[in-house]
Amino acid sequence: MENAAFLAEVVRLIGEGHTVTLPLRGFSMRPFLEDRRDKAVLAAPGTPRKGDVVLAEIAPGCYVLHRIVAVMKGHTILQGDGNLTTESCPAGSIKAVATGFYRKGRSKLEPTSGFKWRAYSALWMRLRPARRYLLAIHRLLSAKRQR
């Protein structure tokens, strides 16, 4: 199934009040969420806040799972944890919020409301100016582990 059609169906289910567990694809949320390894539990968004990880439609049929770095009147600024640039979308384009993650193949949910996730989020957002260097170190270490 095409990604845009699949995610449109996910958004429809969330709009009906369901939660959806979504396998993650892509590298934009590295170093803590990995492609094809981790899963996100998504629910209806409520009022988006800085630091939330959300599913947003940034262009017609183009969805991202990124962190909110700023909420402005009428629009939201997003950035993947592994990205150096930001994206903007209208506030109404936030389709879901992550309520937790299944990481590293574990069967135990790490809730985004928990201390561990909130502490990580606060620290990572404060480290945005150094992100370029931290991500470069992460890539080097990951390449060495894969050899």
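Looking across region 89-104 at every residue that is outside any strand (DSSP E or B) and charged (D, E, K, R), the one that is surrounded by the fewest Cβ atoms within 10 Å (Cβ to Cβ) is identified as K104.
Taking the conditions (1) farther than 20 Å from Y102 by Cβ; (2) under 14 Å from the mean Cα position of the chain (by Cα); (3) at pLDDT 95 or above in turn, P48 satisfies each one other than (3). For G80, the conditions (1) of a type in the set (G, A, S); (2) in contact with a Lys or Arg (Cβ under 9 Å, 6 or more places away or on another chain); (3) farther than 25 Å from C62 by Cβ all hold with the exception of (3). Residue pairs, Cβ under 7 Å, 6 or more apart or interchain, first in region 134-147 and farther than 21 Å from L123 by Cα, second loosely packed, with under 10 Cβ neighbours inside 10 Å and modelled with pLDDT under 85. List them. Between residues of region 134-147 that are farther than 21 Å from L123 by Cα and residues that are loosely packed, with under 10 Cβ neighbours inside 10 Å and modelled with pLDDT under 85, there is no close pair. Please verify whether S113 is among the small types (G, A, S) and open to solvent by 80 Å² or more (accessible area, probe 1.4 Å), treating the condition exactly as stated. Yes; evaluated as a whole, the condition is true for this residue.
Give me the pairs: first residue in region 17-38 and on the phi > 0 side of the Ramachandran plot and modelled with pLDDT of 95 or more, second residue open to solvent by 30 Å² or more (accessible area, probe 1.4 Å) and hydrophobic (A, V, I, L, M, F, W, C), beta-carbon distance under 8 Å, and six or more apart or on different chains, which are they? Every condition considered, the pairs that remain are G17/A44. Would you say P60 is at pLDDT below 95, surrounded by fewer than 15 Cβ atoms within 10 Å (Cβ to Cβ) and touching a His at 6+ places or on another chain (Cβ under 7 Å)? So P60 does not fit the description; no. In region 31-51, the qualifying residues are those that are assigned to a loop (DSSP other than H, G, I, E, B) and among the basic types (K, R), and the one that is least open to solvent (accessible area, probe 1.4 Å) is R37. Among the residues of region 88-107, those identified as within 14 Å of the chain's Cα centre (by Cα) and either basic (K, R) or at pLDDT below 95 (or both) are K95, R103.
The values are calculated or read from the model by the stated rules, or taken from the named source; none is laboratory data. None of these values were measured; they are calculated from a predicted model. Positions of Cβ are backbone-derived with ideal geometry, glycine not excepted, and every protein chain shown enters the neighbour counts. Accessible surface areas use protein heavy atoms only, side chains included; no ligands, DNA or RNA. Shrake-Rupley method; radii C 1.70, N 1.55, O 1.52, S 1.80 Å.
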